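One structure is given below, encoded as structure tokens.
The values are calculated or read from the model by the stated rules, or taken from the named source; none is laboratory data. As the structure is a computational prediction, the values presented were derived from the model and not from experiment. Neighbour counts are summed over all protein chains in view; Cβ atoms, including those assigned to glycine, are modelled from backbone coordinates with ideal geometry.
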Amino acid sequence: MNIENPKIVDEKFLSKKCAWFYYVAKLNQNQIAKKIGLSKMRVHRLIAFADKNGFVKTFVEGGFDKTTKYEVIIKQKYNLKLCEVIPNDEDNSDPIQMLGAAGARFIMNQINENKITEFGIGTGNTMNAVAKWLPKINKKIDFITLNGSLTSNNSIQIKTGINQIAEKTNGECFNIGIPFIIESIEQKKLIEKINFIKKIINKASNTKIKILSVGGLFETSQIVKSNIVSKESIKKLKEKGAVGEVAGNFFDKEGNLILNKETKKIIGAKIDSFKNSKTILIAGGKNKISQIQSVLKSGLFTGLITDEDTSKKI
């Protein structure tokens with residue numbers, strides 16, 4: 001188990017990455033700052049940190065030549081516009097905190113460089129990690145959930161990313177505030193007619209950038225562990241070949257969208273809206289390989305942030 005503070009681990013990771021871009025990729029500090037989403041001053045300090053701590057020798061320690069190679073391969077294989085692969089921590093097989101830090105940096109980069117003022121946000125443990133790593137945002141930035149998340153287990157609501165983000169932005173956070181899956185299609189139709197729910201779903205669908213994690217139907221998946229979806233619904237989804245899930249949308253191993261009675265009971269942002277926005281997946285770990293492959297094959301997503309071990313297998 002890694003007992004080192006995740007913030008220290010992330011600082012080392014950033015210093016090595018900045019140094020690699022500076023000494024190997026030959027980018028200047030302005031270009032690095034824009035690429036990673038940091039200030040030029042912080043990039044300067046991180047490069048100095050890498051020098052001081054001996055990361056820069058005749059090469060830059062950190063293996064970014066390999067991660068860059070995987071980024072190129074994944075972008076070409078799945079027709080993505082963006083891919084970031086982060087090195088794995090040798091002492092910790094679970095990359096969720098490092099993925100959370102990378103996701104938070106991506107959001108801050110979009111705010112500072114591209115002047116984005118609203119984001120669609122998914123649910124799940126990885127999105128909770130992104131929320132945890134987000135700094136205080138002293139701007140009016142809105143975040144809108146892309147699907148329902150309520151369940152009979154109230155404890156899961158406290159952990160949702162949108163609740164954590166609400167404390168960090170001067171903007172507004174819009175939570176649909178409905179179950180992930182409704183009891184019946186008839187009930188769903190009635191709920192969709194409620195004005196404030198209709199407005200939030202439309203707002204979520206219209207966001208230019210959507211940040212999402214990837215789930216599935218394994219025993220370790222949050223959907224299964226939290227009982228957010230009934231065992232009967234899970235059984236029916238598996239019978240249809242469901243493997244990967246994003247914001248209440250299920251895909252089979254070939255990337256085809258699953259459409260059955262169960263999926264028709266799920267309320268969330270319209271799947272067609274994914275094609276009209278920059279939709280970034282943040283996912284990794286040994287239990288997510290088939291799920292990520294399933295989702296990426298759909299062709300609906302713009303980018304992926306993942307870890308090196310996962311990148312080798314997808």
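Scanning segment 21-38 for residues that are more than 16 Å from ASN112 (Cα to Cα), under 24 Å from the mean Cα position of the chain (by Cα) and assigned to a loop (DSSP other than H, G, I, E, B) returns no hits. Report whether or not GLY299 is more than 27 Å from ASN88 (Cα to Cα), of a type in the set (Gly, Ala, Ser) and surrounded by fewer than 15 Cβ atoms within 10 Å (Cβ to Cβ). Answer is no for this residue.
For segment 233-272, the candidate set comprises residues that are among the small types (Gly, Ala, Ser) and in contact with a strand residue (DSSP E or B) (Cβ under 8 Å, 6 or more places away or on another chain); within that set, the residue that is surrounded by the most Cβ atoms within 10 Å (Cβ to Cβ) is ALA269.
Out of SER230, SER221, I need the residue that is hydroxyl-bearing (Ser, Thr, Tyr), modelled with pLDDT under 90, touching a strand residue (DSSP E or B) at 6+ places or on another chain (Cβ under 9 Å) and surrounded by fewer than 20 Cβ atoms within 10 Å (Cβ to Cβ). Which one? Criteria check complete, one pass: SER230. Residues in segment 290-306: is at least one in a loop (DSSP other than H, G, I, E, B) and either within 16 Å of PHE218 (Cβ to Cβ) or not assigned by TED's automatic domain parsing to the domain that holds PRO179 (or both)? No, segment 290-306 has no match at all.
Taking residues in segment 168-192 that are among the β-branched types (Val, Ile, Thr), and partners anywhere that are at pLDDT below 85 and not in a strand (DSSP E or B), the pairs with Cβ atoms closer than 6 Å and at least 6 places apart or on different chains are ILE176/GLY148; ILE178/GLY148; ILE181/VAL229. What residue, of ASN206, ASN163, is of a type in the set (S, T, N, Q) and closer than 19 Å to MET108 by Cα? Being of a type in the set (S, T, N, Q) and closer than 19 Å to MET108 by Cα holds for just one of ASN206, ASN163, which is ASN163.
Does at least one position in segment 221-237 carry a residue that is of a type outside the set (D, E, K, R), within 23 Å of PHE106 (Cα to Cα) and out of contact with any Phe, Trp or Tyr (no Cβ under 6 Å at 6 or more places or on another chain)? No, because not a single residue in segment 221-237 is of a type outside the set (D, E, K, R), within 23 Å of PHE106 (Cα to Cα) and out of contact with any Phe, Trp or Tyr (no Cβ under 6 Å at 6 or more places or on another chain). Check segment 171-178 and report whether any residue there is within 30 Å of LYS253 (Cβ to Cβ) and either in a helix (DSSP H, G or I) or at pLDDT 90 or above (or both). Scanning segment 171-178 turns up no residue that is within 30 Å of LYS253 (Cβ to Cβ) and either in a helix (DSSP H, G or I) or at pLDDT 90 or above (or both).
When LYS210 is tested against (1) in a strand (DSSP E or B); (2) touching an Asp or Glu at 6+ places or on another chain (Cβ under 8 Å), exactly one condition is not met: (2).
Applying the criterion of being assigned to a loop (DSSP other than H, G, I, E, B) and within 16 Å of the chain's Cα centre (by Cα) to the residues of segment 124-148, the residue that is farthest from GLU11 (Cα to Cα) is LEU146. For segment 39-71, the set of residues classified as modelled with pLDDT of 85 or more, under 25 Å from the mean Cα position of the chain (by Cα) and exposed (fewer than 14 other Cβ atoms within 10 Å of the Cβ) consists of SER39, LYS69, listed by residue number.
Does ALA283 meet the test of being in contact with a strand residue (DSSP E or B) (Cβ under 7 Å, 6 or more places away or on another chain), farther than 21 Å from ILE86 by Cβ and not basic (Lys, Arg)? No, not satisfied. The set of residues in segment 233-289 that are in a helix (DSSP H, G or I) and of a type in the set (D, E, K, R) comprises LYS235, LYS236, LYS238, GLU239, LYS264, LYS265, ASP272, LYS275. Contact annotation: residue pairs with Cβ atoms under 9 Å, 6 or more positions apart or on different chains, pairing a residue in segment 64-81 that is outside the structural domain of LEU14 (by TED's automatic domain parsing) with a partner that is of a type in the set (S, T, N, Q) and outside any helix (DSSP H, G or I), are TYR70/THR306; ILE74/THR306; LEU80/THR302; LYS81/THR302.
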